[in-house]
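Structure first, then comments.
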Amino acid sequence: MKKILLTSLLAVFVVSGTQAADFFVGGGASFDMNETHATDIGIAPEIGWKYNDNWDFGLGGNLYYSRIDENRGTYFYGVNVFSRYKIAQFGDFNLLLRGGINASFITSVSDNAALDGETATMLGLSIAPMITYDVSESFTLYANLNFLGVTASYRFENEKMGMQENWRFGAFADSADVFDTGAFQIGFLYNF
């Protein structure tokens, strides 16, 4: 009986160990300071599942702070579900397309009591390229190339913040932002 129990436990650990190899955790960070010293800083953790060599699926979050001046700023935060598809591989480098659906919130931080704490809501879809570099089997570095892509979003009305209800659609390729740190996000993934 003990041998059967031990063999069963060993089988469970082996199977769960092989299944864990399909998961990853990680996240990205971004930082930008423009010529007027407005500062944007953010983090974006994520967890996901490698379906096969070409497809990944995951869930991510984000938290960004944008300081407009000494009296005003905004917090951007939200959640997203995403998928990534590998387009090409060049040695340890990979070119992928990342598509996502997100719900985002913008909260104002201001000396103006009427605006302080006001929150606006947006829903969106996006597709943008990303580049990954496999440092090892377990560790991957990436850059989201947010200066290229396609987006669609819906913003709910918030009169106090001066935001009207609207739809936005866009396809963009802005080479002026290639070296602007706010236009791309760098990060890492740990593959189990």
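Computed quantities for the displayed model
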| quantity | calculated |
| --- | --- |
| Estimated inter-spin distance, THR107 and LEU123, nm [label 7 Å along Cα→Cβ] | 2.2 |
| Cβ-defined net charge surrounding LYS160, 11 Å radius [Lys, Arg +1; Asp, Glu -1] | -4 |
| Accessible surface, 1.4 Å probe, highest first, among residues GLU159, GLU137 | GLU137, GLU159 |
| For the range 40-192, fraction of C-alpha pairs farther apart than 23 Å, in % | 43 |
| FRET efficiency estimate (nearest 0.05) - Cβ-Cβ, ASP92 to ARG67, R0 35 angstrom | 0.40 |
| Solvent exposure, largest accessible area first (probe 1.4 Å, DNA, RNA and ligands not counted), of GLU46, GLU165 | GLU165, GLU46 |
| Span per principal axis, largest first, for the Cα atoms of the range 72-117 (Å) | 54, 18, 9 |
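The values are calculated or read from the model by the stated rules, or taken from the named source; none is laboratory data. On a predicted model such as this, the values are computed, not experimentally measured, just so you know. Positions of Cβ are backbone-derived with ideal geometry, glycine not excepted, and every protein chain shown enters the neighbour counts. Ligands, DNA and RNA are excluded from the accessible area calculation, which covers all protein heavy atoms including side chains. Shrake-Rupley method; radii C 1.70, N 1.55, O 1.52, S 1.80 Å.
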